[in-house]
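The values are calculated or read from the model by the stated rules, or taken from the named source; none is laboratory data. Everything numeric here is computed off the predicted structure, so don't read it as measured data. We place every Cβ from the backbone using ideal geometry, glycine too, and count neighbours over all the protein chains shown. Keep in mind that these areas ignore ligands, DNA and RNA; they rest on the heavy atoms of the full protein, side chains included. Shrake-Rupley method; radii C 1.70, N 1.55, O 1.52, S 1.80 Å.
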Amino acid sequence: MSLLQTQNLSCHFGGIKAVDAVNFTLNAGEIRAIIGPNGAGKSTFVSMLCGRQRPTDGRILLKSTDITDVSADKRTALGIAYTFQITSVFSQLNCYDNVELAVQGRLMRQSGSRMTRQRLREETCHQLERVGLADYEATLATHLSYGHQRLLELAMGLSLDPEILMLDEPTQGFAESEIDQFGILIKQIAEDATVLLIEHNMNVVMSLADSITVLDQGRILAEGTPQDIASNAAVQTAYLGTD
Ligand SMILES: Nc1ncnc2c1ncn2[C@@H]1O[C@H](COP(=O)(O)OP(=O)(O)OP(=O)(O)O)[C@@H](O)[C@H]1O
Ligand SMILES: [Mg+2]
């Protein structure tokens, strides 16, 4: 089933066609990777999907409803959560408080005055545990390693209980050992959510993705299973740099 779709979606910055007339479909329940060389338009594309960047042309449909003009906040309420290439945690708050803020926002929306302190605490601890940060509850975000900051950001995204989780280079700054753990976590998340992942680490992409979209110069160069993409000659030339 098509969950999210773009029709001729474009974002031009002056003469730069960062994203150029992209027709894209994300299916419910899948893990989709978006790959492509630096400057291919991946971040711009996903920024438009979550509402941080306005398209210069085209449409975005969520379950057939046009959300092109819906704000980023409202898209979050519709079930789209994202974590970005640049970490966006509150550096002077500890891990617990960062996650609590995200949980609180959702519970307020869902339960209103029925939200209890205990429920807030339970959910906050659950999200911290889920990403492996339970022991860092009291640590200020600024004192976390870069990899742990990314996990904190992920916990904040998960706190929104999203239907679609978008991640822009989540494994950047991870140690090898953290990458394996991350893969297990993403598979768990994908049991209840659709995951859209921009990722440079090809091992992560090949082992996690159900399907891959390759962007190059603002356009879709290829789409398919990891096997299709690995053996696609155009992808090898444009992206992997081999003939
Ligand atoms: N706000 C902006 N103003 C002008 N140009 C921009 C802006 N944002 C992105 N671009 C340009 O648009 C193109 C696509 O950038 P984008 O960041 O989307 O690529 P990317 O695929 O995410 O690259 P990377 O792999 O390096 O993260 C690049 O040429 C970039 O310089
Ligand atoms: Mg990017």
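Side notes on the structure shown:
- Residue match in the stretch 38-55 (condition: open to solvent by 10 Å² or more (accessible area, probe 1.4 Å), away from ligand 2 (no atom under 16 Å from the Cβ) and touching a strand residue (DSSP E or B) at 6+ places or on another chain (Cβ under 7 Å)): yes
- Qualifying residue in the stretch 82-97 (condition: open to solvent by less than 10 Å² (accessible area, probe 1.4 Å), at pLDDT 90 or above, farther than 30 Å from HIS12 by Cβ and outside the structural domain of GLN7 (by TED's automatic domain parsing)): yes
- Scanning the stretch 159-173 for residues that are away from ligand 1 (no atom under 16 Å from the Cβ) and buried (at least 23 other Cβ atoms within 10 Å of the Cβ) turns up SER159, LEU165.
- Meets criteria (acidic (Asp, Glu), surrounded by fewer than 17 Cβ atoms within 10 Å (Cβ to Cβ) and farther than 17 Å from ILE31 by Cα) for GLU176: yes
- Positions within the stretch 172-199 being closer than 17 Å to LYS42 by Cβ and at pLDDT 90 or above, in sequence order: VAL195, LEU196, LEU197, ILE198, GLU199
- Any hit, the stretch 84-107, residues being in contact (Cβ under 8 Å) with a residue 40 or more places away in the chain, on the phi > 0 side of the Ramachandran plot and small (Gly, Ala, Ser): no
- Residues located in the stretch 1-55, provided they are touching a Lys or Arg at 6+ places or on another chain (Cβ under 7 Å) and free of Cβ contacts under 8 Å to residues at least 40 places away in the same chain: GLY51
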